[in-house]
Every structure is written in structure tokens, then in C-alpha cells.
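Structure, as C-alpha cells:
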Amino acid sequence: MKTVSLKIDDSIFVETEKILSKMKKPRNRYINEAIDYYNRLQRRLIIEKRLKKESELVKGNSMSVLKEFEEIDYVD
């Protein structure tokens, strides 16, 4: 494990301490879980942004292919 020193806004610290007193959870564990949660959220947002970008790149081509399929005259 790594040791990290950080500065926390007073209001965030006070709120965190109130929550921790009700949860009976060590501050270190709570902060680790919060960072883990935030990291997972950020990874999802990064993937979402990349997928949107890639989707825009192929959008024109996809619409062209779809139009070609629509124009196919199916014979029964």
C-alpha cells in the first residue's frame, strides 16, 4: 500500500466524519472505496467518450450501407 498525504476541504471533511461515525467504517477504507468508485466512473466516461467519437467516424459509412440494404429488391 502507498501512503498519500492530501488536503481536503473543511466542509467535505466534516461531512465525511459525520457519515463515518454512523457507518462505523475506518476513514482510510471509506476514502479507498470512494476513490475506487470514482476511478470506475471515470473509466466508463472515457470509454463512452471514445465510443461516441468512433461512432461519429463511421456514421456516414453506416448510413450509406443501410441505404444500400434498403434499396435491395428482395425476390421471394
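We did not get these values from a lab; they are worked out from the coordinates using the rules stated. Being a predicted model, the structure only gives us computed values, none of them experimental. Virtual Cβ from ideal backbone geometry, glycine too; neighbours counted across all protein chains shown.
Ranked by the mean number of other Cβ atoms within 10 Å of their residues, highest first, the peptides 41-47, 25-31 fall in the order 25-31, 41-47.
Quick one: which of 48-61, 1-14 comes out on top by average Cβ neighbours within 10 Å, and what's the full order, highest first? Could the numbers behind the result be given before it?
Details: 48-61: 9.7, 1-14: 7.1.
Those peptides, ordered most packed to least, come out 48-61, 1-14.
About the centre of its Cα atoms, the chain shows a dipole size close to 1020 debye [charges on the beta carbon of Lys, Arg (+1) and Asp, Glu (-1) only; nearest 20 debye]. Couplings 3J(HN,Hα) of segment 29-41, computed from phi: 5, 4, 5, 4, 5, 5, 5, 4, 4, 5, 4, 5, 4 Hz, in residue order, whole Hz [Karplus 6.51 cos²θ - 1.76 cosθ + 1.60, θ = phi - 60°; x for Gly and Pro].
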